[in-house]
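Notes follow the structure.
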Amino acid sequence: MGNALDRSVMFLPGVGEVRAKLLEKELGVRTVGDLLYYFPYRYIDRSKFFAIREVDPEESAYIQLRVRVEGVQLAGGGPKKRLVVHVRDASGSAELVFFQHIAWNQKQLEVGREYIIFGRPAFFNGRMNFVHPEVGSTLVQNDRFHPETQGVYSTTERLNTQHLGTRKIFDLVCAAWQVAEREIEETLPADVIRAHELMGLREALLNVHFPANANLLKQARLRLKFEELLGIQLQILSQRNARVRKNRGYVFRKIGDRFNTFYNEKLPFELTGAQKRVLKEIRADMATGRQMNRLLQGDVGSGKTLVALMSALIAVDNGFQACIMAPTEILATQHYHSISRMTRGMVLRVALLKGSTGKKERNLLLPALEAGEIDLLIGTHALIEDNVRFSKLGFVVIDEQHRFGVEQRARLWNKGDAFPHILVMTATPIPRTLAMTLYGDLDVSVIDELPAGRKPIRTVHYFENSRLKMFGFIRQQIALGRQIYIVYPLIQESEKMDYADLEDGYAGISAAFPPPDFVTLAVHGRMKAAEKDFSMDLFKRGKAHILVATSVIEVGVDVPNASVMVIESAERFGLSQLHQLRGRVGRGAEQSYCVLMTSYKLSRESRKRIEAMVATNDGFELAELDLKLRGPGDLQGTQQSGLAFDLKIADLARDGQVLQLARDAAEKILAADPLLETPANACLRALKDRYSSHEDRDFSMIS
Ligand code: ADP
Ligand code: MG
């Protein structure tokens, strides 16, 4: 782009050095070009005027009124000093309140004259008021810079105090446009624009800030979203291609004895269609000579462990070692036991390594591992300690990947002399759109089918007054021989309070279910790992009827006989967490239940979450909804990795289709010109480089 776009915003009217610094710090806006790419986050219809009477006190959106000034009055003193302007229209009256620029506003607002005001209504002592509304004359002509559909720009508290509110930002964008308009150069090649029937960049920028009408605004936004998502996809896919070119993978050619023995003799049930398909995908990957880097998504209980084990057997059959890393000791131990049990009688040396593994045991285990005498090592992050050395590590499984930090993952990759194949597993269903951006450089497999014979979990919502009914239900289930989870929320900031909640709850439960007829255990975050393990183990072995817990049991625990999950204060949990918790039951053949207990007061969002939980068991559906309710930055499972770039206009929750188009386009472009070297693609290389900070952050560590 030309010079004007690179110029600092400092030189725009009314900015200067101080404000320029603030704009950069608060909004990341440094240049005139940045301003043109600082898009409104929503638009308001300036053609519509509200009557004072029709304003809904519940609604806090910006609105526009046409009012006459009836009186102006100074009120309060000191910091509370303010200008109160009484206004009225044909339907009623309201007040405008100014704490700043009092003298100036007093001069502007003449009694008896009519003004257009624009602001957010509030109700105070039964009166409607507007604090610091935008005030305009009714005489101004409508033109491009006073459009009927006006953008609202997000701003910050600090900017606001420096008089850089949304209106001022709009003015700056107007100024930026006038300075740079003629130097805007197209960022997409002509054939891409033609193929997707996109608006040109100049027109798109004009219409996104100063829309001539709703249709042009829509086209403008579409074009800018496409450009943004294309840039990101070009970046992600280039990285992936570079990795694939660079990292050779071990070739696992044969399917050998262990795999076949397991499949023919040990497998206790038929694999689901989805498990078979995913195994095929993995086998194909491992035979190509490229290093596999695959994300396996599958809802809780979909049988990922088995896929991991069978893939590991392929590696072992080809003369390599494999390892499975789980996020907690409970889980690692559980994997170790179930895998040892399933492979009993086979020629397979399986070992377990945890943080709490004693020195004596380590002294035996570590040398054996290094000598290649262990085929499959299962463990926690203890696996990535420096002194854990494999002889020939060919395959790595990382279970419940969202629990691990990025660096931990990165370290494990580099254990061998070359790169092992990697399978990352997650039970947090990630919507497709998010997976494509977050994990765009991994291949994704999905297990979208539960093992046959599982009865869908029945979910019910009870308010507090149904507690006795809930107790009665629990009693019935216990009489049938089942076990019960009761979970309390844990929010770190108020751990004390939550602990109190849990203690109260535990006392209540113990009173309602008194020993010795009933055994109730508690597990919470304040207990030592060994204590936790001990209680969990008792529960697993059926020695207790009820397990009262904070959400520490969230991930992966498998107790098939537990058939009821009661979630207390369910409104305080996120949707994906609720779904994860629910996934703890429904693992056996019995009908299972999830009871969501809430107070009467539910926010709109909480109500939606609870309703969704009652309506569906489908984790992907819930994840999509979660994304819509909360926005991508917040999704569980993505918090750690986060989006490595800010999306300026695209919305992953809503723009799935555009993302797919951009993804396809990026693939096609890179297939023809992998390094974007042709002159026609120079603009695309520049576009891609805007997102190059994404590099080496997350999954690209394998280089
Ligand atoms: P997750 O995907 O949540 O890790 P698991 O691997 O723990 O699920 O499997 C959940 C349960 O389902 C386990 O008890 C496992 O033995 C069982 N399972 C796995 N695959 C099948 C299958 N194809 N048919 C029946 N049960 C299965
Ligand atoms: Mg699992």
Under a point-charge model restricted to the Cβ atoms of Lys and Arg (+1) and Asp and Glu (-1), what is the dipole moment magnitude of the chain relative to its Cα centre, in debye to the nearest 20? 760
Report, in listed order, any pair from LYS304/LYS354; LYS246/LYS354; LYS168/LYS628; LYS25/LYS648; LYS532/LYS608 with a Cα-Cα distance greater than 24 Å. LYS246/LYS354; LYS168/LYS628; LYS532/LYS608
Descending Cα extents along the principal axes, segment 257-447, whole Å: 48, 39, 33
Can you give the Kirkwood hydrodynamic radius of segment 276-354 from its Cα pairs, in Å with one decimal? 13.8
Over the heavy atoms of VAL548, what accessible area does a 1.4 Å probe trace out, to the nearest 10 Å²? 0
Got a number for carbon plus sulfur as a percent of the chain's accessible area, 1.4 Å probe? 50
Going highest first, how would you order 268-274, 322-328, 195-201, 606-612 by mean Cβ packing within 10 Å? 322-328, 606-612, 195-201, 268-274
So how many Å³ per residue does the convex hull of the Cα atoms of segment 458-616 work out to? 109
At what distance in nm do the modelled label points of GLU134 and ARG458 sit from each other, each positioned 7 Å from its Cα along Cα→Cβ? 5.5
Run a plain Debye calculation on segment 1-117 (Cα atoms as equal point scatterers, no solvent) and give log10 I(q)/I(0) at q = 0.18, 0.22 Å⁻¹, rounded to two decimals, same order as the q list. -1.00, -1.09
Computed D for the chain, Stokes-Einstein, Kirkwood radius over alpha-carbon pairs, 37 °C, 0.692 mPa s, to the nearest µm² per second, is 111
Where the Cα pairs of segment 79-121 fall when distances are cut into 10 Å bins, in %: 23, 59, 17, 0
Return one number: the angle in degrees, 0 to 90 and rounded to the nearest 10, between the long axis of the Cα atoms of helix 166-180 and the longest principal axis of the Cα atoms of the chain. 80
Cross-link candidates for LYS392: which aspartates and glutamates have Cα within less than 18 Å, leaving aside residues fewer than 8 places away along the same chain? ASP317, GLU370, GLU373, ASP375, ASP417
Ordering of 112-119, 305-312 by packing [mean C-beta count within 10 Å, highest first]: 305-312, 112-119
Projected onto the charge dipole of the chain (unit charges on the beta-carbon of Lys, Arg, Asp and Glu, signs +1, +1, -1, -1), the Cα from GLY345, LEU295, LEU306 with the largest positive-side position is that of GLY345
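For segment 47-146, what is the accessible area per residue in Å² when the probe is 1.4 Å? Write down the numbers at each step before the final one.
Working: 6110 Å² over 100 residues.
That works out to 61 Å² for each residue.
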Among ALA212, VAL173, VAL614, whose Cα sits farthest toward the positive end of the charge dipole of the chain (+1 at Cβ of Lys/Arg, -1 at Cβ of Asp/Glu, about the Cα centre)? VAL614
Got a sec? Charge dipole of the chain, +1 on Cβ for Lys and Arg, -1 for Asp and Glu; which of THR433, ALA103, LEU377 is way out at the positive end? LEU377
Could you give the angle, 0 to 90 degrees to the nearest 10, between helix 359-370's Cα long axis and the longest principal axis of the Cα atoms of the chain? 90
Degrees separating the helix 529-540 axis from the principal Cα axis of the chain, which is the longest one: 70
What figure in square angstrom, to the nearest 10, would you give for the accessible area of TRP104 with a 1.4 Å probe? 150
At R0 = 60 Å the Cβ-Cβ FRET efficiency linking ASN105 and GLN657, nearest 0.05, sits at 0.80
Where does each of 258-266, 332-340 land if you order them by average Cβ count within 10 Å, highest first? 332-340, 258-266
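The values are calculated or read from the model by the stated rules, or taken from the named source; none is laboratory data. Not measured: the values here are computed from a predicted model. In this analysis, Cβ positions are derived from the backbone assuming ideal geometry, glycine residues included, and neighbour counts consider all displayed protein chains. With ligands, DNA and RNA removed, areas are computed over all heavy atoms of the protein, side chains included. Shrake-Rupley method; radii C 1.70, N 1.55, O 1.52, S 1.80 Å.
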